[in-house]
Amino acid sequence: AFLMFSIGLEFSVSRLKQMRHLVIGLGPGQMLLTALGTMLVTWFGYDQGWRPGLAVGLAIAMSSTAIMAKLLSERFELHSSHGKRTMAVLLFQDLAVVPSLIIIPALALNPDNLGRVLGISFVMTGVTLLLMFWIGRILVNRLFTLVSRFHSPELFMLTVLLIVFGLSTTTGKMGLSEAMGAFIGGTLVSETM
């Protein structure tokens, strides 16, 4: 979580807005190709059917955002062209966790309303993130304005920790990854500097 927070500090909300076409373009493409490719191999190569194949494909399509971000950061490639593309895919994967966690059990139950369930999960994810950015931006700015009056480095550090833990817990409770909450906290704090 702290690694994702520090990476979030390097991304501002405006930079994330610039990356949205990468997140929306590359992210779904990577997930779709990986999940479908794995599904086809599992279905035809192992004769397991398309439902188990899709479940395995969704699991294989996920990467560890924290590990990849750390590697890019250590190599000073986070802001390179391929680093931005990699981060865009990783951010989309973090967002895709919620629908994936809904799809996998739904595949086992053979639901008739899978599209409706997916639509609701996408809307909930989108609303959660928008509210976190919108409300978070306002609250974080006001909080740091208040903290700056005390001229206390310790209070500043405690406030940063509160933001990281608070947003990580919130995203975890909403079904998103805790690393995503820490990343959002980093971007919100970077806006105040």
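Remarks
- In terms of accessible area, using a 1.4 Å probe and ignoring ligands and nucleic acids, 68, 39 rank largest first as 68, 39.
- Angle of helix 50-60 to the longest C-alpha principal axis of the chain, folded into 0 to 90 degrees and rounded to 10: 30°.
- Distance cut-off 27 Å, percentage of C-alpha pairs in the chain lying past it: 35
- Simple spin-label estimate for residue 82 and residue 46 in nanometres, 7 Å along Cα-Cβ: 3.0
- Cα centroid separation - segment 18-81 against segment 124-161, whole Å: 32
- Solvent accessible area, Å² - residue 170, 1.4 Å probe, full protein context: 60
- Here residue 70 is the anchor, and the lysines within straight C-alpha reach of less than 24 Å, apart from those fewer than 8 places off in the same chain, are 17, 84.
- The chain: angle of helix 114-148 to the longest principal axis, Cα-based, in degrees nearest 10: 10
- Rounded to the nearest 10 degrees, the angle from helix 65-74 to the longest Cα principal axis of the chain is 60 degrees.
The values are calculated or read from the model by the stated rules, or taken from the named source; none is laboratory data. This structure is a prediction, so every number in the text was calculated from the model and none was measured. Note that each Cβ is placed from the backbone with ideal geometry, even for glycine, and that neighbours are counted across all protein chains shown. We work out accessible area using only protein heavy atoms, side chains counted, and drop any ligands, DNA or RNA first. Shrake-Rupley method; radii C 1.70, N 1.55, O 1.52, S 1.80 Å.
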